[in-house]
Amino acid sequence: MSEQKQTYDPATIEPKWQQFWRDRDVFRAPNPGEPGFDPGKPKFYALDMFPYPSAAGLHVGHPEGYTATDIVSRWKRAKGFNVLHPMGWDAFGLPAEQYAIQTNTHPAQTTAANIATFRRQLQRLGFSYDWNREIGTADPKYFRWTQWIWKRLYERGLAYESNAPVWWCEALGTVLANDEVINGKSERGDHPCERRPLRQWVLKITDYAERLLQDLDGLDWSESLKTMQREWIGKSEGAEVDFDVVGHAGTKLRVFTTRPDTLFGASFMVLAPEHALVATITAAAQRDAVDAYRKAAASKSELERTDLAKDKSGVFTGAFAQNPLFAADDPQGRIPIWIADYVIVTYGTGAIMAVPAGDERDFEFAHTFGLPVPGIFAPQTGDAAADAAIAAGERCCTDEVPYAAHCRTADGSLVLAGRSLADGKRATIAWLVARGRGEAKVTYRLRDWLFSRQRYWGEPFPVLHTQDGIELVPDDQLPVELPHMDDFQPGGVPESPLIRARDWVATRDGKGRPAQREINTMPGAAGSSWYFLRFCDPHNEREFCSKAASDYWLPVDLYVGGTEHAVGHLLYSRFWTKVLHDDGRVGVVEPFHKLYNQGMIQAFAYEDARGATVPMANVEERDDEVVHRQTGEKLKRIVTKMSKRYGNVINPDEVVGEYGADTLRLYEMYMGPLADSKPWNPKDVPGVYRFLQRSWRLAVPEFAEFGSIHAHLRQDRADDPDLEKALHRTIHKVSGDIERLAFNTAIAAMMIFVNEATKAMDKLSRSQVLRFAQLLQPFAPHLAEELWQRLGGEGLLAYAAWPAVDESMLVDAEIEIAVQVLGKVRGRVMVPTDAPKDVVLAAARAAVASQLEGKTVVKEIVVPNKLVNFVVK
RNA sequence: GCCGGAGUGGCGGAAUCGGCAGACGCACAGGUUUCAAAAACCUGCGCCGCAAGGCGUGCGGGUUCAAGUCCCGCCUCCGGCACCA
């Protein structure tokens, strides 16, 4: 007798189904008009943030979000949706180029190899992508359209050359956009950066600031993410006010303020050291001091100006300004003009009116340099000492409090006393406008998008520099491809490596005259700002994406990815979508309806007594303890990022090799809520593997001699009512949980069902196991498809409809309720579901009779089908 | 400093609308099977207590018949912003 075991073996069933799905194009998503398209179906667009294919290969963090969208995609298909679920590669960028410099391999070559690795790794995980739609941003067929879109931006006046100061990173040999610089250091590599004036291409995203802000309201994004974008856009409403400079007839000093109502308290002015007016107004006696200060400010790195320079510094220019609220001969209105580096030249007008009574920075500055602090408020909080301090200008006040009686012009044309803050602002602005001294003004913190890099591995600009200026490369000559080069060393300021490709740079313009190609390239975020559009129509050679295709698929219904793109990629994509909308080429104004940020997958690491992290190679488990392999010292477990240095990086290939893709998918979803960061615990992985084994065992006998499925599953029979109820409950729970992306609890519900079904295994019907396989399919598609096939399910499980829930199966005839006395559970009792109150109370009283003895019940609370609470005396 | 988010057994986590805290999984303990199992299965498992019972969701208050959940004041951790006028 042969004893061939039929154990759950992902190593055979997973490749089998992956091949099957691929060979039959099972997950192809037809566009309107294509064969197989069903206009009766609703659409669903589930998108992952496509990866940058690094040399390190897939990380366990990647499949987390990808599994989540795959579950939703498979579920939506089962619910009758036409699902677009594509994957591609964000393939231009710095790491490939850095690697190329180190190894002297062409970035195109390493990129191709990395993509091949990523594709293979992703395909091993059984994601239901429509691989026909695969795209890569470094592919000329793709970036032809990136260049084409850039031309539309240019034509609409949204792309321009600028010489304003930009972030320059010496170590990376390129300039960087604002969101790529954090505290004066590069986001990638943490290298110091500094501001330098260089010719750059810039996109006028600020033209869209208001719409980017307003349209956030309608999006199904987390509040925290919307807040991040709102703060990045940084809208401030206030006024611009003109001050005359005393002794410089006709010279006006314009400032921006959000508190025009505090103009009465302006006691000095501050200009940014770089402000253009400094040279004009500085008095001879102060010139040396001012020049020295400006020089010092210019040589300070941005780090020193932000991180270290918390103490206020500045220099008096010797000039005075005239406060427009006061008469020219009123000495109160004549205030000194200083320069200080706490005022930033690029924000507002680069100059402020300082109101120390109402602004903490100005207060601190006044305090440092002994400048007057005129009180302008008369608070009545009840704290007499505090009120007096504020009134006297001894303390700064930024809250809304009443204005002091002297906040009025001499002629009474403006009186603030008695007004609210909002009204005070309004009145002051009206007063200024009437006299031509200022206007209401909205300012944004958002700056224009620095859109060029001095690097090789990016999209070339479709731009020629001719003797007449800028000339665009005609659409029919796109793409402008990169020249082949063997040396990608950054060329330094302001030259990109492309300057060395002389034959490429030197070309001819439309009139046949000599011209030079633009040697800067586009930033990494260029290609990713519209890839979700290309996925809708990836092979179109006439358009970047047909209007019909984007009208059908957009917006993305679910977009999952990490929070690191909160202000960069997500803002840029929204911007490009709006521009393409305004150009009449895209119907929607927002690309991503629902956005969900996955958490980070962390790892355990171990610390010694000094708090130093011990590499995993030196960590050993002995008995119940974790100790240092050499010293034997007891170690403390901590949760941290996965890092090569600690040796705690989990490789998904190894997990798939040992347990299979279904286990990896399931474990990543079971670890905890998708949005949370949580540590990978290798010891937890076998738990979900065991669950899959038990699921397998529901259908498949241990030994092959008993057949490929259990005998009692070979034909249909009546469903066991208890198991049937349990199954309906599970379907209900799993459906609801997928809808709210709570995959961990959906899996727990399936575990409960399998545990129950295992105990009554021979009572299971074929229909029940088939429906369970349908439930499992989005999570563990290979195993589920295999069970479906063995049980003779109709067609492919991937195309099967989601099982129906019979609502009546969700209620029991009887239900157990808790009986509390004074809020503590003292008993339990079975009562009929939805029983009348008096029946429940009678049963409850009986259940806690001993507790109620000798006491008076003063109140009875009945929560239907849940509990009874007796309040006694 | 400001703005978000979080803090629940030995561990990951559950409790969706103020209604039985600890679902599910891991680890651990005991058992069955076994030549032996690291495999499979069964049972137990918040803490204190022999028990009755008491205590328990970061800490201190409060609202309520009832609080992990709501309110006030703190502590810690994570993320973002950081002289933006």
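No lab work stands behind these numbers, since they all come straight from the coordinates. As the structure is a computational prediction, the values presented were derived from the model and not from experiment. Using ideal geometry, Cβ is built from the backbone for each residue, glycine included, and neighbour counts are taken over all protein chains shown.
Brief remarks on what is shown
- Only Cα pairs under 8 Å and 6+ residues apart enter the sum, and on that basis the relative contact order of chain A stands at 14 percent.
- Footprinting exposure proxy ranking of A:D215, A:D486, A:D244, fewest other C-beta atoms within 10 angstrom first, gives A:D486, A:D215, A:D244.
- Above-threshold pairs, the threshold being 30 Å between Cα atoms, out of A:K16/A:K79; A:K76/A:K226; A:K226/A:K312; A:K634/A:K678; A:K641/A:K759; A:K759/A:K866: A:K226/A:K312; A:K641/A:K759
- According to the Cα-based calculation, Rg over Rh for the range A:765-873 is 1.33, with Rh computed by the Kirkwood formula.
- Rg/Rh ratio calculated on Cα atoms of the range A:104-224 (Kirkwood radius): 1.03
- Ranked by the mean number of other Cβ atoms within 10 Å of their residues, highest first, the peptides A:60-67, A:455-462, A:275-282 fall in the order A:455-462, A:60-67, A:275-282.
- What the Cβ-Cβ distance of A:R408 and A:R287 gives, at R0 = 60 Å and to the nearest 0.05, is a FRET efficiency of 0.95.
- Separation between Cα centres of the range A:8-77 and the range A:78-134, rounded to whole Å: 14 Å
- Cβ crowding within 10 Å averaged over residues, with A:697-706, A:193-202, A:845-854 ranked highest first: A:193-202, A:697-706, A:845-854
- Listed by chain and number, the lysines whose alpha-carbon sits under 21 Å from that of A:K141, ignoring those within fewer than 8 places in the same chain, are A:K151, A:K547.
- Between 0 and 90°, nearest 10: helix A:107-123 axis offset from chain A longest Cα axis: 40 degrees
- Estimated 222 nm signal from helices in chain A, with DSSP H stretches of n ≥ 4 weighted -39500 (n - 2.57), rounded to 500: -9500 deg cm²/dmol
- Amide N proximity, the range A:801-822 versus A:A718 label position 7 Å along Cα-to-Cβ, cut-off under 18 Å: A:809
- Estimated dipole of chain A in Debye, rounded to 20 [Cβ of Lys and Arg +1, of Asp and Glu -1, Cα centre]: 380 debye
- At R0 = 60 Å, FRET efficiency that the Cβ-Cβ distance of A:V415 and A:E187 yields, to 0.05: 0.75
- From the largest down, chain A spans 110, 94, 68 angstrom on the principal axes of its Cα atoms.
- Ranking of A:F544, A:F488 by count of other Cβ atoms within 10 Å, fewest first: A:F544, A:F488
- Remark: for residue pairs A:K594/A:K636; A:K578/A:K733; A:K733/A:K763; A:K41/A:K594, the C-alpha separation exceeds 31 Å in A:K594/A:K636; A:K578/A:K733.
- Each peptide among A:178-187, A:26-35 gets the average number of other Cβ atoms lying within 10 Å of its residues, and from highest to lowest they stand as A:178-187, A:26-35.
- The modelled label-to-label distance between A:A440 and A:A427, using points 7 Å beyond Cα along the C-beta direction, is 1.7 nm.
- Here the extension length gained between A:A704 and A:H484 equals 73.2 nm, from 0.36 nm per residue of separation less the Cα-Cα distance.
- Subtracting the Cα-Cα distance of A:E658 and A:R740 from 0.36 nm times their residue separation leaves 26.4 nm of extension gain.
- The fewest-to-most ranking of A:M269, A:M761 by surrounding Cβ atoms within 10 Å reads A:M761, A:M269.
- Distances between placed amide hydrogens fall under 5 Å for A:F243 paired with A:L253, A:R254, A:V255, all partners being 5 or more residues away or on another chain.
- Farthest toward the positive end of the dipole of chain A, out of A:M522, A:I638, A:A849, is the Cα of A:A849, where the dipole comes from beta carbon charges about the Cα centre.
- The calculated FRET efficiency for A:A296 paired with A:R629, based on their beta-carbon distance and R0 = 56 Å, is about 0.60.
- Rounded tilt (10° steps) of A:62-78 against the dominant C-alpha axis of chain A: 60 degrees
- Two-site label geometry, A:L822 and A:E223: point separation in nm, points 7 Å out along Cα→Cβ: 3.8 nm
- Extending 7 Å from the Cα toward the beta-carbon at both A:Y799 and A:A378 defines two label points whose distance is 8.3 nm.
- Amide H contacts of A:T317 (H built 1.01 Å from N, under 5 Å, at least 5 apart or other chain): A:I337, A:W338, A:I339
- For the range A:30-41, 3J(HN,Hα) per residue [Karplus equation, 6.51 cos²θ - 1.76 cosθ + 1.60, θ = phi - 60°, Hz, x = Gly/Pro]: x, 7, x, x, 8, x, x, 6, 10, x, x, 8
- Annotation: amide H of A:V872 within the under-5 Å range of A:L822, A:V858, sequence separation 5 or more or interchain, hydrogens built in the peptide plane.
- With the convex hull of its Cα atoms as the shape, the range A:10-138 has an orientation-averaged projected area of 9.0 nm².
- The Stokes-Einstein estimate for the range A:414-499, based on a Kirkwood radius over Cα pairs and taken at 4 °C with 1.567 mPa s viscosity, is a diffusion coefficient of 70 µm²/s.
- The angle separating the long axis of helix A:223-233 from the principal Cα axis of greatest extent in chain A is about 20 degrees.
- Candidate aspartates and glutamates for bridging to A:K511, where Cα separation is under 13 Å - those fewer than 8 sequence places away on the same chain excluded: A:D468, A:E471
- Under 12 Å from the Cα of A:K5 - aspartates and glutamates, other chains or at least 8 residues apart: A:E702, A:E705
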